[in-house]
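Every read-out reported here was derived from the displayed coordinates using simple, explicitly stated rules and does not represent laboratory data. Fair warning: this is a prediction, and the values are worked out from it, not measured in the lab. Glycine gets a Cβ as well: all are built from the backbone with ideal geometry, and neighbour counts include every protein chain shown.
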Amino acid sequence: MNLNLRKAIIANIANNDQTQLEATIVDAIENGEEKMLPGLGVLFELIWRKSEEQERNEMIQALEQGVKEASI
């Protein structure tokens, strides 16, 4: 069995509009289920690939701050 998780996740959300995509992200975060992490990873990868360097730097800064706050 050759399962391409990335393709499956993208296919699952391919026709979603912005509202649905936001709901998917919020739901995954609020539920906190481990099984949602790969999907969030794929969504982050898509965002990262479409972002300019300045946007990437802002994401890294936000991530750094989030990690610091989460570790307190």
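Taking the Cα centre as origin and putting +1 on Lys and Arg beta-carbons and -1 on Asp and Glu beta-carbons, what dipole magnitude results for the chain, to the nearest 20 debye? List each step's numbers first, then the result.
Details: 7 positive and 13 negative charges, 80 e Å.
So the magnitude is around 380 debye.
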Report summary line: Label model pair Met36, Glu64: point-to-point distance (7 angstrom along the Cα→beta-carbon line) in nm is 2.8 nm
